[in-house]
Amino acid sequence: MKTAGRPRLGSARLDSARLDAALDAKSEALVAKLAAGGLSAGSLGPEALAKAPEAARFSLFDKEEEVLRSAALMLAQLGDIGGTVSDLAEAYRQSYREQERLVRLSDRMQRDLQKAKARLAEQASDLLALNETLAAEIELRGRLELELRSMLETDALTGARSRRHFYDLTAAEFARQQRNGAALSLAILDLDRFKRLNDAHGHEAGDAALRAFAGCCQQMIRGFDVFGRLGGEEFGLLLPETGLEEARAVAERICAATAALEVPLAQGQSIRISVSIGFATRAPGETLEQLMRRADRGLYQAKDQGRGRAVADQAAAG
């Protein structure tokens, strides 16, 4: 009967014999190697080692110390390299964070720029609309100013100069002719029996007569002559660079042309009118007011003499 787990004694002896044989073989091999290197077994003793030259000495501990020193140096270098790598990594992280911040800033700036462009476009559109409105307003004001000036300067019914504008132009022309010493004549024209005409035919007939008379006069005068309505049926005519006889000829032509007018009325009817004219030529040293008074005296003389005629006042200024 066999007992399990127990080593056999005979086997243990055999293994020990084998181990001794193996150690002997290795020792012999080592001695042979030393002999080949010029050493003997006796040369490996302590005294022999002490007497051996320094170069022939060999110590495993010396090599280990050198290896350890090299390893320590390498570790130090690796530590430096590791620190540098860590610094580089940290610098990279900071650079990355800065780039990320700059990208966000750039995106925000782009958005702000787009918003600013949109606002500018909107403001430009508003400004364009405002400019168009202002241009239209300026144009409208210009038209209104012209209309207002026309209303102030032109008689709406007859198209002649308004009373105020006639006096303004007459005063300016009188001053100019006075400086130049040129002749100048002034005439006052008044439609005859105008109140009777209105009473007999109505105010529309009176307006038609005024328009017809004013149109006739404006066709007969020169471009630089000044013709205006002074009020009601009374008109004024300034004749620059015109002496007494020339003024007389103009006044008489107007009288004749007015007498030949047929003023059409409603329902195919028509009426005839006549005009009385007083005129005067500026005397040396005479003022505009004095000249107008003399022309007005001539008008009263024409009325007294039977109307429908032109009479000059040749009295001395005063």
Some residue of segment 250-258 being in contact with a His (Cβ under 8 Å, 6 or more places away or on another chain) and not basic (Lys, Arg): no
From the list Gly236, Gly215, which residue is of a type outside the set (Val, Ile, Thr), under 20 Å from Tyr300 (Cα atoms) and in contact with a Gly (Cβ under 8 Å, 6 or more places away or on another chain)? Gly236
Matching residues in segment 179-204 (within 30 Å of Gly285 (Cα to Cα) and out of contact with any strand residue (DSSP E or B) (no Cβ under 8 Å at 6 or more places or on another chain)) number 3
Please determine, by comparing only the residues of segment 301-318 that are in a helix (DSSP H, G or I) and touching a strand residue (DSSP E or B) at 6+ places or on another chain (Cβ under 7 Å), which one is least open to solvent (accessible area, probe 1.4 Å). Ala302
Looking at segment 151-171, which of the residues that are out of contact with any helix residue (DSSP H, G or I) (no Cβ under 8 Å at 6 or more places or on another chain) and over 23 Å from Glu204 (Cα atoms) is surrounded by the most Cβ atoms within 10 Å (Cβ to Cβ)? Phe166
Yes/no for Ser150 being at pLDDT 90 or above, closer than 30 Å to Leu210 by Cβ and of a type in the set (Ser, Thr, Tyr): no
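The values are calculated or read from the model by the stated rules, or taken from the named source; none is laboratory data. As the structure is a computational prediction, the values presented were derived from the model and not from experiment. Here the Cβ is made from the backbone with ideal geometry for all residues, glycine too, and neighbour counts use every protein chain on show. Only protein heavy atoms, including side chains, enter the accessible area calculation; ligands, DNA and RNA are left aside. Shrake-Rupley method; radii C 1.70, N 1.55, O 1.52, S 1.80 Å.
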